[in-house]
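Structure record follows, encoded as C-alpha coordinates.
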Amino acid sequence: MGNRYLCLALCLCALIPSMLDAASDGLLRINMKKRPLDVNSIKAARKESKYVNGLKNTPHGLSDGNEDVVPLVNYLDAQYYGEISIGSPPQTFTVIFDTGSSNLWVPSSKCIFSIACYFHNRFKGTKSSTYTKIGDNLQINYGSGSISGFSSKDTVQVGDICVEDQDFIEVTKEGSLAFPVWYNMVEQGLVKEQVFSFWLNRNEADEEGGELVFGGVDPNHFIGEHSYVPVTRKGYWQFNMGDFLIGNQSTGFCEGGCAAIVDSGTSLLAGPTAVVTEINYAIGGEGVLSSECKTLVTEYGDMIWDLLVSGVTPGKVCSEAGLCFSDGRQSVSSNIETVVGKENDGLGDTVLCEACEMAVVWMQNQLRQSATKEAVLSYVNKLCESIPSPAGESVIDCNTLHKMPNVSFTIGEKLYTLTPEQYILKTGEGAATVCISGFMALDMPPPTGPLWILGDVFMGVYHTVFDYGNLQLGFAKSA
(Lines give C-alpha, C1' and ligand atoms only; values in the text may rest on other atoms or scores of the structure.)
Protein backbone atom coordinates (compact mmCIF):
# COMPACT_ATOMS: atom_id res chain seq x y z
CA MET A 1 0.00 0.00 0.00
CA GLY A 2 2.92 2.30 0.69
CA ASN A 3 4.04 1.98 -2.92
CA ARG A 4 0.57 2.91 -4.15
CA TYR A 5 0.61 6.12 -2.13
CA LEU A 6 4.18 6.88 -3.28
CA CYS A 7 3.11 6.64 -6.90
CA LEU A 8 0.15 8.92 -6.28
CA ALA A 9 2.29 11.47 -4.46
CA LEU A 10 4.92 11.56 -7.18
CA CYS A 11 2.33 11.99 -9.90
CA LEU A 12 0.69 14.82 -7.97
CA CYS A 13 4.08 16.53 -7.74
CA ALA A 14 4.31 16.45 -11.52
CA LEU A 15 0.78 17.71 -12.02
CA ILE A 16 0.85 20.50 -9.41
CA PRO A 17 3.97 22.66 -10.01
CA SER A 18 3.66 24.49 -6.70
CA MET A 19 4.28 21.24 -4.86
CA LEU A 20 7.68 20.94 -6.54
CA ASP A 21 8.98 23.82 -4.42
CA ALA A 22 8.93 21.64 -1.31
CA ALA A 23 12.74 21.59 -1.28
CA SER A 24 14.30 24.84 -0.07
CA ASP A 25 16.19 25.33 -3.34
CA GLY A 26 13.28 24.27 -5.55
CA LEU A 27 15.33 21.48 -7.13
CA LEU A 28 14.25 17.89 -7.64
CA ARG A 29 17.10 15.43 -7.21
CA ILE A 30 18.17 11.94 -8.22
CA ASN A 31 21.04 10.77 -6.00
CA MET A 32 23.89 8.48 -7.01
CA LYS A 33 25.36 5.55 -5.10
CA LYS A 34 28.70 3.76 -5.02
CA ARG A 35 29.98 0.21 -5.45
CA PRO A 36 33.35 -1.38 -4.57
CA LEU A 37 36.12 -1.07 -7.13
CA ASP A 38 37.89 -4.06 -8.67
CA VAL A 39 40.21 -4.53 -11.64
CA ASN A 40 38.03 -6.99 -13.57
CA SER A 41 35.06 -4.65 -13.34
CA ILE A 42 37.16 -1.76 -14.62
CA LYS A 43 38.24 -3.86 -17.59
CA ALA A 44 34.63 -4.76 -18.27
CA ALA A 45 33.60 -1.13 -18.02
CA ARG A 46 36.26 -0.15 -20.55
CA LYS A 47 34.70 -2.47 -23.11
CA GLU A 48 31.30 -0.80 -22.83
CA SER A 49 31.91 1.77 -25.57
CA LYS A 50 28.69 2.04 -27.53
CA TYR A 51 30.40 4.09 -30.23
CA VAL A 52 32.57 1.29 -31.63
CA ASN A 53 30.01 0.31 -34.26
CA GLY A 54 28.67 3.79 -34.84
CA LEU A 55 26.90 6.48 -32.84
CA LYS A 56 23.29 6.22 -31.86
CA ASN A 57 21.23 8.74 -33.73
CA THR A 58 18.54 10.19 -31.49
CA PRO A 59 19.04 13.60 -29.85
CA HIS A 60 18.47 14.15 -26.17
CA GLY A 61 16.55 17.00 -24.69
CA LEU A 62 15.32 17.93 -21.27
CA SER A 63 12.25 19.14 -19.56
CA ASP A 64 10.15 22.21 -18.98
CA GLY A 65 8.77 22.62 -15.43
CA ASN A 66 10.61 22.74 -12.10
CA GLU A 67 14.11 21.51 -11.43
CA ASP A 68 14.42 17.85 -10.53
CA VAL A 69 17.50 16.24 -9.04
CA VAL A 70 18.26 12.54 -9.39
CA PRO A 71 20.80 11.03 -6.95
CA LEU A 72 23.41 8.99 -8.81
CA VAL A 73 25.65 6.13 -7.74
CA ASN A 74 29.39 6.20 -8.43
CA TYR A 75 30.39 2.77 -9.78
CA LEU A 76 34.18 2.26 -10.00
CA ASP A 77 34.55 5.96 -10.83
CA ALA A 78 33.48 4.50 -14.17
CA GLN A 79 29.68 4.50 -14.27
CA TYR A 80 27.04 6.61 -12.56
CA TYR A 81 23.53 5.29 -12.16
CA GLY A 82 20.31 6.03 -10.31
CA GLU A 83 16.81 4.74 -9.73
CA ILE A 84 13.62 5.25 -11.71
CA SER A 85 10.20 3.63 -11.35
CA ILE A 86 7.80 2.35 -14.00
CA GLY A 87 4.12 1.54 -13.65
CA SER A 88 1.30 1.98 -11.13
CA PRO A 89 2.16 1.07 -8.43
CA PRO A 90 5.82 1.83 -9.22
CA GLN A 91 8.36 -0.90 -9.97
CA THR A 92 11.91 0.29 -9.27
CA PHE A 93 14.90 -0.11 -11.61
CA THR A 94 18.53 0.99 -11.59
CA VAL A 95 19.56 2.68 -14.85
CA ILE A 96 22.53 4.54 -16.31
CA PHE A 97 21.60 8.14 -17.08
CA ASP A 98 23.27 8.22 -20.45
CA THR A 99 23.47 11.44 -22.46
CA GLY A 100 24.89 9.42 -25.35
CA SER A 101 21.88 7.14 -25.68
CA SER A 102 18.25 7.56 -26.62
CA ASN A 103 16.37 4.49 -25.46
CA LEU A 104 14.83 3.43 -22.15
CA TRP A 105 15.28 -0.28 -21.47
CA VAL A 106 14.23 -2.47 -18.57
CA PRO A 107 14.34 -6.27 -18.24
CA SER A 108 10.95 -7.88 -18.84
CA SER A 109 9.31 -10.57 -16.74
CA LYS A 110 9.27 -12.48 -20.03
CA CYS A 111 13.08 -12.52 -20.07
CA ILE A 112 13.57 -16.12 -18.96
CA PHE A 113 16.30 -17.39 -21.28
CA SER A 114 18.90 -14.66 -20.61
CA ILE A 115 21.01 -15.22 -17.49
CA ALA A 116 21.66 -11.47 -17.16
CA CYS A 117 17.96 -10.83 -16.52
CA TYR A 118 18.05 -12.89 -13.35
CA PHE A 119 20.51 -10.43 -11.81
CA HIS A 120 18.15 -7.45 -12.24
CA ASN A 121 14.60 -6.48 -11.38
CA ARG A 122 12.19 -7.47 -14.13
CA PHE A 123 9.18 -5.41 -15.16
CA LYS A 124 5.77 -7.06 -14.78
CA GLY A 125 3.26 -5.27 -16.98
CA THR A 126 0.34 -7.25 -15.61
CA LYS A 127 0.88 -5.63 -12.21
CA SER A 128 0.60 -2.07 -13.53
CA SER A 129 -2.81 -0.42 -13.98
CA THR A 130 -1.36 2.14 -16.43
CA TYR A 131 0.51 -0.34 -18.63
CA THR A 132 -0.04 -0.68 -22.38
CA LYS A 133 1.73 -3.25 -24.51
CA ILE A 134 2.61 -1.96 -27.96
CA GLY A 135 4.26 -5.21 -28.98
CA ASP A 136 6.67 -4.16 -31.73
CA ASN A 137 9.69 -6.48 -31.75
CA LEU A 138 12.93 -4.51 -31.54
CA GLN A 139 16.65 -5.17 -31.55
CA ILE A 140 19.45 -2.62 -31.26
CA ASN A 141 23.13 -3.37 -31.68
CA TYR A 142 25.77 -1.65 -29.55
CA GLY A 143 29.53 -1.97 -29.55
CA SER A 144 29.25 -4.12 -26.43
CA GLY A 145 26.49 -6.37 -27.74
CA SER A 146 22.83 -6.32 -28.69
CA ILE A 147 19.54 -6.02 -26.84
CA SER A 148 16.21 -7.35 -28.05
CA GLY A 149 12.68 -7.14 -26.77
CA PHE A 150 9.34 -5.48 -27.46
CA SER A 151 7.90 -1.99 -27.06
CA SER A 152 5.53 -0.95 -24.27
CA LYS A 153 4.10 2.21 -22.73
CA ASP A 154 3.58 3.18 -19.09
CA THR A 155 4.06 5.89 -16.49
CA VAL A 156 7.75 6.55 -15.68
CA GLN A 157 8.86 8.31 -12.52
CA VAL A 158 12.24 10.04 -12.41
CA GLY A 159 12.91 11.65 -9.08
CA ASP A 160 9.73 13.62 -8.32
CA ILE A 161 8.67 13.83 -11.95
CA CYS A 162 5.98 11.53 -13.29
CA VAL A 163 6.06 11.10 -17.11
CA GLU A 164 2.86 9.67 -18.53
CA ASP A 165 2.62 7.40 -21.59
CA GLN A 166 6.37 6.93 -21.88
CA ASP A 167 7.50 4.46 -24.53
CA PHE A 168 10.13 1.98 -23.41
CA ILE A 169 11.42 -1.44 -24.34
CA GLU A 170 10.89 -4.57 -22.31
CA VAL A 171 14.09 -6.53 -22.81
CA THR A 172 13.77 -10.27 -23.34
CA LYS A 173 17.45 -10.70 -24.15
CA GLU A 174 19.46 -8.41 -21.94
CA GLY A 175 22.66 -6.50 -22.53
CA SER A 176 23.44 -2.88 -21.65
CA LEU A 177 20.71 -0.60 -20.32
CA ALA A 178 20.24 2.95 -21.57
CA PHE A 179 17.94 5.88 -20.70
CA PRO A 180 16.00 8.65 -22.56
CA VAL A 181 12.84 10.24 -21.07
CA TRP A 182 13.98 13.84 -21.65
CA TYR A 183 11.71 14.70 -24.59
CA ASN A 184 8.50 13.70 -22.89
CA MET A 185 9.50 15.74 -19.82
CA VAL A 186 9.77 18.78 -22.10
CA GLU A 187 6.57 18.07 -24.00
CA GLN A 188 4.55 17.48 -20.83
CA GLY A 189 5.84 20.68 -19.19
CA LEU A 190 7.31 18.94 -16.17
CA VAL A 191 10.29 21.25 -15.53
CA LYS A 192 10.73 25.00 -15.81
CA GLU A 193 13.95 25.25 -17.82
CA GLN A 194 15.02 23.00 -20.67
CA VAL A 195 18.28 22.29 -18.91
CA PHE A 196 19.76 19.38 -17.01
CA SER A 197 23.11 19.09 -15.29
CA PHE A 198 25.43 16.41 -13.94
CA TRP A 199 27.57 16.51 -10.82
CA LEU A 200 29.69 13.36 -10.55
CA ASN A 201 31.47 12.92 -7.23
CA ARG A 202 34.91 11.37 -7.81
CA ASN A 203 35.68 10.95 -4.12
CA GLU A 204 35.33 7.22 -3.49
CA ALA A 205 35.24 7.76 0.26
CA ASP A 206 32.05 9.80 0.05
CA GLU A 207 28.78 7.97 0.34
CA GLU A 208 27.12 10.30 -2.17
CA GLY A 209 27.99 9.48 -5.76
CA GLY A 210 26.67 12.68 -7.27
CA GLU A 211 23.44 14.17 -8.58
CA LEU A 212 21.53 14.59 -11.81
CA VAL A 213 19.51 17.82 -11.71
CA PHE A 214 16.50 18.38 -13.97
CA GLY A 215 15.37 21.87 -14.93
CA GLY A 216 18.44 23.79 -13.82
CA VAL A 217 21.66 23.63 -11.83
CA ASP A 218 22.57 23.38 -8.16
CA PRO A 219 25.06 26.18 -7.30
CA ASN A 220 26.60 23.94 -4.64
CA HIS A 221 27.86 21.60 -7.34
CA PHE A 222 30.33 23.94 -9.09
CA ILE A 223 32.85 26.74 -8.56
CA GLY A 224 32.80 30.00 -10.51
CA GLU A 225 30.88 30.40 -13.76
CA HIS A 226 30.16 28.00 -16.59
CA SER A 227 31.76 28.57 -19.97
CA TYR A 228 29.46 27.60 -22.83
CA VAL A 229 30.07 26.20 -26.31
CA PRO A 230 27.41 25.62 -28.98
CA VAL A 231 26.17 22.15 -29.85
CA THR A 232 27.27 21.45 -33.41
CA ARG A 233 25.31 18.27 -34.04
CA LYS A 234 21.79 18.02 -32.72
CA GLY A 235 21.72 14.25 -32.78
CA TYR A 236 24.30 14.16 -30.00
CA TRP A 237 25.73 16.52 -27.42
CA GLN A 238 28.54 17.23 -29.86
CA PHE A 239 30.75 20.32 -30.04
CA ASN A 240 33.99 21.52 -31.59
CA MET A 241 37.17 20.91 -29.60
CA GLY A 242 40.55 22.46 -30.25
CA ASP A 243 44.09 21.27 -29.59
CA PHE A 244 44.88 18.51 -27.09
CA LEU A 245 48.00 19.00 -24.96
CA ILE A 246 50.18 16.56 -23.04
CA GLY A 247 51.97 18.64 -20.42
CA ASN A 248 52.33 21.97 -22.16
CA GLN A 249 53.10 20.40 -25.53
CA SER A 250 50.62 20.33 -28.36
CA THR A 251 49.94 16.92 -29.90
CA GLY A 252 49.07 18.73 -33.11
CA PHE A 253 46.23 16.33 -33.70
CA CYS A 254 43.29 18.69 -33.14
CA GLU A 255 44.90 22.00 -34.05
CA GLY A 256 42.44 22.27 -36.92
CA GLY A 257 39.55 21.21 -34.70
CA CYS A 258 38.05 17.88 -33.69
CA ALA A 259 34.51 16.80 -32.96
CA ALA A 260 33.85 15.91 -29.33
CA ILE A 261 30.93 14.51 -27.36
CA VAL A 262 30.18 14.80 -23.65
CA ASP A 263 28.69 11.48 -22.64
CA SER A 264 27.70 10.45 -19.12
CA GLY A 265 27.30 6.87 -20.37
CA THR A 266 30.97 6.51 -21.30
CA SER A 267 33.18 5.74 -18.32
CA LEU A 268 36.52 6.98 -19.62
CA LEU A 269 38.09 9.40 -22.07
CA ALA A 270 38.06 8.01 -25.60
CA GLY A 271 40.15 9.44 -28.39
CA PRO A 272 42.00 8.63 -31.60
CA THR A 273 44.51 5.79 -31.32
CA ALA A 274 47.45 7.94 -32.40
CA VAL A 275 46.91 10.44 -29.57
CA VAL A 276 46.03 7.87 -26.90
CA THR A 277 49.24 6.03 -27.76
CA GLU A 278 51.21 9.21 -27.13
CA ILE A 279 49.42 9.62 -23.80
CA ASN A 280 50.21 6.03 -22.82
CA TYR A 281 53.87 6.60 -23.63
CA ALA A 282 53.98 9.85 -21.65
CA ILE A 283 52.44 8.25 -18.56
CA GLY A 284 54.28 4.94 -18.84
CA GLY A 285 51.28 2.88 -19.87
CA GLU A 286 52.07 -0.71 -20.80
CA GLY A 287 50.17 -1.55 -23.97
CA VAL A 288 50.42 -4.49 -26.35
CA LEU A 289 53.53 -4.58 -28.56
CA SER A 290 52.65 -4.25 -32.23
CA SER A 291 55.24 -6.09 -34.30
CA GLU A 292 53.86 -4.49 -37.46
CA CYS A 293 54.42 -1.04 -36.01
CA LYS A 294 58.02 -1.80 -35.15
CA THR A 295 58.53 -3.44 -38.54
CA LEU A 296 57.25 -0.28 -40.16
CA VAL A 297 59.77 1.88 -38.28
CA THR A 298 62.64 -0.47 -39.17
CA GLU A 299 61.82 -0.87 -42.86
CA TYR A 300 60.08 2.37 -43.78
CA GLY A 301 61.05 4.89 -41.10
CA ASP A 302 63.82 6.50 -43.16
CA MET A 303 61.56 6.78 -46.21
CA ILE A 304 58.71 8.36 -44.25
CA TRP A 305 61.13 10.82 -42.68
CA ASP A 306 62.60 11.79 -46.06
CA LEU A 307 59.15 12.31 -47.57
CA LEU A 308 58.06 14.56 -44.73
CA VAL A 309 61.27 16.57 -44.78
CA SER A 310 61.02 17.00 -48.57
CA GLY A 311 57.64 18.66 -48.16
CA VAL A 312 55.25 15.90 -49.16
CA THR A 313 51.82 16.55 -47.64
CA PRO A 314 51.43 14.35 -44.53
CA GLY A 315 48.17 12.93 -45.89
CA LYS A 316 50.00 11.61 -48.98
CA VAL A 317 53.17 10.26 -47.39
CA CYS A 318 51.93 6.70 -46.88
CA SER A 319 50.59 6.38 -50.43
CA GLU A 320 53.90 7.76 -51.77
CA ALA A 321 55.66 5.08 -49.71
CA GLY A 322 53.42 2.42 -51.27
CA LEU A 323 51.81 1.48 -47.97
CA CYS A 324 48.33 2.90 -48.56
CA PHE A 325 46.04 3.37 -51.50
CA SER A 326 46.56 6.60 -53.37
CA ASP A 327 42.98 7.72 -52.68
CA GLY A 328 43.88 8.37 -49.06
CA ARG A 329 41.94 5.43 -47.69
CA GLN A 330 42.71 4.28 -44.12
CA SER A 331 43.60 7.65 -42.65
CA VAL A 332 44.58 7.79 -39.00
CA SER A 333 41.56 9.92 -38.27
CA SER A 334 39.19 7.78 -40.22
CA ASN A 335 39.32 4.03 -40.01
CA ILE A 336 42.00 2.79 -37.62
CA GLU A 337 40.72 0.07 -35.36
CA THR A 338 43.95 -0.13 -33.36
CA VAL A 339 46.92 -1.79 -34.98
CA VAL A 340 46.97 -4.68 -32.55
CA GLY A 341 43.34 -5.39 -33.24
CA LYS A 342 44.23 -6.55 -36.72
CA GLU A 343 47.46 -8.40 -36.11
CA ASN A 344 45.96 -11.80 -36.66
CA ASP A 345 43.28 -11.21 -39.27
CA GLY A 346 45.47 -11.62 -42.36
CA LEU A 347 45.21 -7.98 -43.38
CA GLY A 348 48.91 -7.25 -43.17
CA ASP A 349 48.85 -4.53 -45.83
CA THR A 350 46.01 -2.73 -44.08
CA VAL A 351 47.82 -2.90 -40.75
CA LEU A 352 51.00 -1.43 -42.22
CA CYS A 353 48.96 1.36 -43.80
CA GLU A 354 47.40 2.18 -40.45
CA ALA A 355 50.75 1.98 -38.66
CA CYS A 356 52.27 4.26 -41.29
CA GLU A 357 49.63 6.92 -40.84
CA MET A 358 50.03 6.87 -37.07
CA ALA A 359 53.79 7.18 -37.53
CA VAL A 360 53.26 10.19 -39.81
CA VAL A 361 51.25 11.95 -37.08
CA TRP A 362 53.93 11.22 -34.50
CA MET A 363 56.83 12.25 -36.75
CA GLN A 364 55.11 15.43 -37.88
CA ASN A 365 54.62 16.45 -34.27
CA GLN A 366 58.29 15.80 -33.48
CA LEU A 367 59.41 17.72 -36.57
CA ARG A 368 57.64 20.80 -35.19
CA GLN A 369 59.92 20.51 -32.18
CA SER A 370 63.05 20.34 -34.41
CA ALA A 371 63.99 16.85 -33.24
CA THR A 372 66.71 14.95 -35.10
CA LYS A 373 65.93 12.01 -37.36
CA GLU A 374 67.48 9.51 -34.96
CA ALA A 375 65.55 10.91 -32.01
CA VAL A 376 62.27 10.89 -33.94
CA LEU A 377 62.62 7.28 -35.12
CA SER A 378 63.56 6.19 -31.61
CA TYR A 379 60.53 7.99 -30.21
CA VAL A 380 58.16 6.42 -32.75
CA ASN A 381 59.62 2.99 -32.08
CA LYS A 382 58.87 3.41 -28.37
CA LEU A 383 55.35 4.61 -29.12
CA CYS A 384 54.73 1.31 -30.89
CA GLU A 385 55.02 -0.39 -27.52
CA SER A 386 52.34 1.88 -26.06
CA ILE A 387 49.61 1.22 -28.60
CA PRO A 388 46.53 0.31 -26.53
CA SER A 389 45.39 -3.28 -26.46
CA PRO A 390 42.09 -4.17 -28.19
CA ALA A 391 40.29 -4.20 -24.82
CA GLY A 392 41.83 -0.86 -23.88
CA GLU A 393 43.68 -1.80 -20.70
CA SER A 394 46.79 0.21 -19.93
CA VAL A 395 48.31 -0.48 -16.53
CA ILE A 396 50.26 2.32 -14.86
CA ASP A 397 52.90 2.26 -12.12
CA CYS A 398 51.09 3.92 -9.19
CA ASN A 399 54.40 5.15 -7.77
CA THR A 400 54.99 7.38 -10.79
CA LEU A 401 51.85 9.51 -10.64
CA HIS A 402 53.86 12.49 -9.41
CA LYS A 403 56.01 12.30 -12.55
CA MET A 404 53.12 12.13 -15.00
CA PRO A 405 52.07 15.19 -17.03
CA ASN A 406 48.77 17.00 -16.91
CA VAL A 407 46.61 16.70 -20.01
CA SER A 408 44.48 19.54 -21.37
CA PHE A 409 41.53 19.87 -23.73
CA THR A 410 40.93 23.13 -25.58
CA ILE A 411 37.20 23.90 -25.55
CA GLY A 412 35.96 27.28 -26.67
CA GLU A 413 39.52 28.70 -26.54
CA LYS A 414 39.76 27.70 -22.87
CA LEU A 415 41.96 24.95 -21.45
CA TYR A 416 40.35 22.23 -19.33
CA THR A 417 43.13 20.42 -17.51
CA LEU A 418 43.16 16.99 -15.86
CA THR A 419 45.88 15.99 -13.41
CA PRO A 420 47.24 12.42 -13.17
CA GLU A 421 45.22 11.92 -9.99
CA GLN A 422 42.11 12.78 -12.01
CA TYR A 423 42.69 10.69 -15.14
CA ILE A 424 44.18 7.59 -13.47
CA LEU A 425 41.80 5.04 -11.89
CA LYS A 426 42.95 3.30 -8.73
CA THR A 427 41.81 0.05 -7.16
CA GLY A 428 43.00 -1.92 -4.16
CA GLU A 429 45.03 -0.79 -1.17
CA GLY A 430 48.68 -0.81 -0.15
CA ALA A 431 50.87 -3.21 -2.14
CA ALA A 432 47.76 -4.50 -3.93
CA THR A 433 46.95 -1.11 -5.45
CA VAL A 434 46.58 -1.15 -9.24
CA CYS A 435 46.45 1.97 -11.43
CA ILE A 436 44.78 2.03 -14.84
CA SER A 437 44.78 4.75 -17.47
CA GLY A 438 41.53 6.64 -17.91
CA PHE A 439 42.14 6.91 -21.65
CA MET A 440 40.96 4.43 -24.24
CA ALA A 441 41.47 4.33 -27.99
CA LEU A 442 38.50 4.80 -30.28
CA ASP A 443 38.64 5.69 -33.96
CA MET A 444 35.54 6.81 -35.83
CA PRO A 445 35.39 7.01 -39.63
CA PRO A 446 34.40 10.32 -41.26
CA PRO A 447 32.15 12.16 -41.42
CA THR A 448 31.62 11.32 -37.74
CA GLY A 449 35.31 11.14 -36.85
CA PRO A 450 37.88 11.95 -35.76
CA LEU A 451 36.06 12.10 -32.46
CA TRP A 452 36.76 12.54 -28.75
CA ILE A 453 34.31 11.26 -26.16
CA LEU A 454 34.59 13.03 -22.82
CA GLY A 455 33.07 10.58 -20.36
CA ASP A 456 32.84 10.39 -16.61
CA VAL A 457 36.58 10.97 -16.07
CA PHE A 458 36.11 14.47 -17.52
CA MET A 459 32.62 15.12 -16.14
CA GLY A 460 33.79 14.25 -12.64
CA VAL A 461 36.22 17.17 -12.74
CA TYR A 462 34.01 19.60 -14.65
CA HIS A 463 30.37 20.11 -13.75
CA THR A 464 28.43 19.88 -16.99
CA VAL A 465 25.26 21.69 -18.04
CA PHE A 466 23.23 20.33 -20.95
CA ASP A 467 21.24 23.33 -22.16
CA TYR A 468 18.71 21.87 -24.55
CA GLY A 469 16.74 25.08 -24.92
CA ASN A 470 19.74 27.03 -26.24
CA LEU A 471 21.60 24.05 -27.76
CA GLN A 472 24.78 24.61 -25.80
CA LEU A 473 27.00 22.90 -23.24
CA GLY A 474 28.43 24.54 -20.14
CA PHE A 475 31.50 23.56 -18.09
CA ALA A 476 32.70 24.71 -14.70
CA LYS A 477 34.98 23.21 -12.05
CA SER A 478 33.11 20.77 -9.86
CA ALA A 479 32.77 21.67 -6.22
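The values are calculated or read from the model by the stated rules, or taken from the named source; none is laboratory data. It should be emphasised that the depicted structure is a prediction, and the values quoted were computed from it without experimental measurement. Glycine also receives a Cβ, built like all others from the backbone with ideal geometry; neighbour counts cover every protein chain displayed. Surface accessibility is based on the protein's heavy atoms, side chains included, excluding ligands, DNA and RNA. Shrake-Rupley method; radii C 1.70, N 1.55, O 1.52, S 1.80 Å.
What does the charge count near residue 252 come to, summing +1 for each Lys or Arg and -1 for each Asp or Glu among other residues with Cβ under 9 Å from its Cβ? Display every interim value, and only then the final one.
On the way: positive: 368; negative: 243, 255.
Once positives and negatives cancel, what remains is -1.
Got the relative contact order for the stretch 362-479 handy, in percent, Cα pairs under 8 Å and 6 or more residues apart?
Details: 105 pairs, mean separation 19.2, N = 118.
Averaging sequence separation for qualifying contacts and normalising by length gives 16 percent for the stretch 362-479.
Please report the accessible area of residue 302 (heavy atoms, 1.4 Å probe, ligands and nucleic acids excluded) in Å², nearest 10.
Number for this one is 80 Å².
At what distance in nm do the modelled label points of residue 397 and residue 207 sit from each other, each positioned 7 Å from its Cα along Cα→Cβ?
4.0
Could you list, in their original order, any pairs among 124/192; 414/477; 316/414; 133/192 whose Cα atoms are separated by more than 21 Å? Could the numbers behind the result be given before it?
Values: 124/192 32 Å; 414/477 13 Å; 316/414 32 Å; 133/192 31 Å.
Violating the 21 Å Cα-Cα cut-off are 124/192; 316/414; 133/192.
For a Förster distance of 60 Å, can you work out the FRET efficiency between the beta-carbons of residue 137 and residue 419, rounded to the nearest 0.05? Can you show the working numbers first?
Numbers: r = 48 Å, r/R0 = 0.80.
Plugging the Cβ-Cβ distance into 1/(1 + (r/R0)^6) gives 0.80.
For the pair residue 477/residue 151, report the inter-label distance in nm, with labels modelled 7 Å from Cα in the Cβ direction.
Result for the modelled spin labels: 4.7 nm.
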